[in-house]
Amino acid sequence: MKGQTKRRALAAALVGFVLSIALARPVRVAADGRKGATFPDVTLTTQDGKDVKFYDLIKDRIVAINVIYTNCQYACPIETSRLARMQQLLGDRMGREVFFISISIDPEHDTPAVLKAYAAKFNAGPGWTFLTGKMADIDLLSKKLGLWSDPTQTQDGHEPMLVVGNEASGQWMRTSALDNPAYTARILTDWLTGWRAAQPGKSYAQAPALARRDDGEYLYRSLCASCHSVGQGDRIGPDLGRALDTHDRAWLSEYILRPDVVRTKKDPIATALADKYREVRMPNLSLTPGEVQAILRYIDVKRSGAAPAGAAAASVPAIPRAAAASGSTALINAALAVHAALAHDTMVGVTAQAATLREMATAANDPAVATAAADLARQTTLADARRAFGAVSDALVVYARSHADVRAAGVRVAYCPMLRKSWLQKDGPVQNPYYGNRMLACGELTN
């Protein structure tokens, strides 16, 4: 039974598909904590050092709850950045109608002061509470909420799950904490607020899991795309198209199915991958053999039509000035070439393309873009180029929004909530130019 429950929790988190669950109206917690209470009314401590009863934070409120820890190097920063973006989208409804709760699973390190600094990093405002406390209380609460994962089975000590609920109406659901912030914000405002009457049903602790679809594309996009590409080069993890070319298919199937077990056996290929990608190791996604094969079939199909990625970042294509188009197309092409270089952690072509961008912006009578591009062209290091690219992007976003031909060409505005910076890129997977391969998928396309 425990294995089945764990499987359900992992599936709910990793598939990234909302589980909509009708629940009974929660029983109010009595002051003496007598049995029948739906939520453990444990006492925790906020980032401001204030002791609070957990139930007081959710009573009669619409809430989004996740677990994090501030030393996390993989999912937690992305989870928190997703909530930061949701906070922006919700506007003045935050702290008035909707509340966020982030619970630390590393209370020994995450003191109130540490959590307060972490909250400030993500510009957490009113209505967003970070909690620490006794480990036993946190474990009890996270298990009851369906947010607990076996730390020995995960890379980060937990899976990126988000519980969203309307305590007053009794409606609760569990989804991926890495889901599209705009979609989750809409659930919070449109769906949960519209559920006025409690609906009879099972406890959220008994919520059934959604069966996994045997759909390779769906599984790839849900589980793999944030860390891997197919034919577009390495990201947080290796290019899966290239992996199929260089590794035995049977070995790759076993590694995707049980990467932790393969690493434990000191497999030389797994050891080499662990050494190369130290920040993030392939987690056990709790896949079935059939799901692994569905993913590999999809990769086979996708790589057959994908342009091969270069062996190094220097392969980012430059746009020859003589062949460049005129007007907005030439200006945006130069900007996209700079974006591609920075997203691939290279300065190759940045100076030349920034100079082209300045020339095109001058011809288009856009001094804001021209000035920022001139500054970018003077930079010699990747860090300084990324700083200057932020100013270029601010001006380019204004330009793009006033030129319909830019939008018609499939150019989108992307946004990184961690740095609170935007950029232009082609429609498709997010490629963050400010972090590059360190956190390439951090962000979202906004329009």
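The values are calculated or read from the model by the stated rules, or taken from the named source; none is laboratory data. Keep in mind that what you see is a predicted model, and the values were worked out from it rather than measured. Here Cβ is always computed from backbone atoms with ideal geometry, including for glycine, and neighbour counts include all displayed protein chains. For accessibility, only protein heavy atoms count, side chains too; no ligands or nucleic acids. Shrake-Rupley method; radii C 1.70, N 1.55, O 1.52, S 1.80 Å.
Test Ala31 against the criterion of being open to solvent by less than 50 Å² (accessible area, probe 1.4 Å) and either out of contact with any Lys or Arg (no Cβ under 8 Å at 6 or more places or on another chain) or at pLDDT below 90 (or both), and give yes or no.
no
Which of the residues that make up the range 94-112 are more than 19 Å from Ala177 (Cβ to Cβ) and free of Cβ contacts under 8 Å to residues at least 40 places away in the same chain?
Gly95, Arg96, Pro107, Glu108, Thr111
Can you name the residue in the range 42-57 that is assigned to a loop (DSSP other than H, G, I, E, B) and not charged (D, E, K, R) and is also nearest to Ile138 (Cα to Cα) among such residues?
Val42
Sort out which residues of the range 58-89 are open to solvent by less than 10 Å² (accessible area, probe 1.4 Å), within 16 Å of Met173 (Cα to Cα) and in a strand (DSSP E or B), and write them in order of number.
Val63, Ala64, Ile65, Asn66, Val67
In the set Ala441, Ala361, Ala354, which member is touching a residue at least 24 places away in the same chain (Cβ under 8 Å), part of a loop (DSSP other than H, G, I, E, B) and of a type in the set (A, V, I, L, M, F, W, C)?
Of Ala441, Ala361, Ala354, the one residue that is touching a residue at least 24 places away in the same chain (Cβ under 8 Å), part of a loop (DSSP other than H, G, I, E, B) and of a type in the set (A, V, I, L, M, F, W, C) is Ala441.
Search the range 122-147 for residues being basic (Lys, Arg) and surrounded by fewer than 17 Cβ atoms within 10 Å (Cβ to Cβ), and hand back the single one that is nearest to Lys53 (Cα to Cα).
Top of the filtered list is Lys134.
For residues that are of a type in the set (A, V, I, L, M) and at pLDDT 85 or above, scanning just the range 64-84, find the one that is nearest to Ile138 (Cα to Cα).
The residue in question is Val67.
Sort out which residues of the range 246-256 are in contact (Cβ under 8 Å) with a residue 12 or more places away in the chain, assigned to a helix (DSSP H, G or I) and closer than 20 Å to Lys302 by Cβ, and write them in order of number.
Of everything in the range 246-256, those that are in contact (Cβ under 8 Å) with a residue 12 or more places away in the chain, assigned to a helix (DSSP H, G or I) and closer than 20 Å to Lys302 by Cβ turn out to be Arg249, Leu252, Ser253, Tyr255, Ile256.
Taking the range 95-121 on its own, how many of its residues are over 19 Å from Pro40 (Cβ atoms), buried (at least 21 other Cβ atoms within 10 Å of the Cβ) and not acidic (Asp, Glu)?
Number satisfying all stated conditions: 5.
Considering only residues that are within 21 Å of Arg258 (Cβ to Cβ) and among the hydroxyl-bearing types (Ser, Thr, Tyr), look in the range 275-308 and name the one that is modelled with the lowest pLDDT.
The extreme case among them is Ser286.
Could you give every pair whose Cβ atoms fall below 6 Å, whose first residue belongs to the range 369-397 and is farther than 18 Å from Leu424 by Cα and in contact (Cβ under 8 Å) with a residue 60 or more places away in the chain, and whose second residue is among the hydrophobic types (A, V, I, L, M, F, W, C) and surrounded by 24 or more Cβ atoms within 10 Å (Cβ to Cβ), counting only separations of at least 6 or pairs across chains?
Correct list of pairs: empty, since none qualify.
Name, by its number, the condition in (1) surrounded by 17 or more Cβ atoms within 10 Å (Cβ to Cβ); (2) more than 23 Å from Glu79 (Cα to Cα) that does not hold for Thr362.
(1)
If you go through the range 377-427 one residue at a time, how many are among the small types (Gly, Ala, Ser) and surrounded by 15 or more Cβ atoms within 10 Å (Cβ to Cβ)?
Here the count works out to 11.
Has the range 369-376 got at least one residue that is closer than 30 Å to Met86 by Cβ, open to solvent by 20 Å² or more (accessible area, probe 1.4 Å) and not in a loop (DSSP other than H, G, I, E, B)?
There is no residue in the range 369-376 that is closer than 30 Å to Met86 by Cβ, open to solvent by 20 Å² or more (accessible area, probe 1.4 Å) and not in a loop (DSSP other than H, G, I, E, B).
Inspect all residues belonging to the range 412-431 and state whether any of them is touching a helix residue (DSSP H, G or I) at 6+ places or on another chain (Cβ under 9 Å), in a helix (DSSP H, G or I), closer than 30 Å to Ala119 by Cβ and small (Gly, Ala, Ser).
No, the range 412-431 contains no residue that is touching a helix residue (DSSP H, G or I) at 6+ places or on another chain (Cβ under 9 Å), in a helix (DSSP H, G or I), closer than 30 Å to Ala119 by Cβ and small (Gly, Ala, Ser).
For the structure I just gave you, tell me whether Asp345 is of a type in the set (Asp, Glu) and outside any loop (DSSP other than H, G, I, E, B).
Spelling it out, it is not the case that Asp345 is of a type in the set (Asp, Glu) and outside any loop (DSSP other than H, G, I, E, B).
If I filter the range 428-439 down to residues being touching a His at 6+ places or on another chain (Cβ under 9 Å) and buried (at least 22 other Cβ atoms within 10 Å of the Cβ), which single residue comes out as farthest from Pro238 (Cα to Cα)?
That would be Pro433.
Anything in the range 245-260 that is surrounded by 13 or more Cβ atoms within 10 Å (Cβ to Cβ) and at pLDDT below 85? List them, or say none.
Correct list: His247, Pro259, Asp260.
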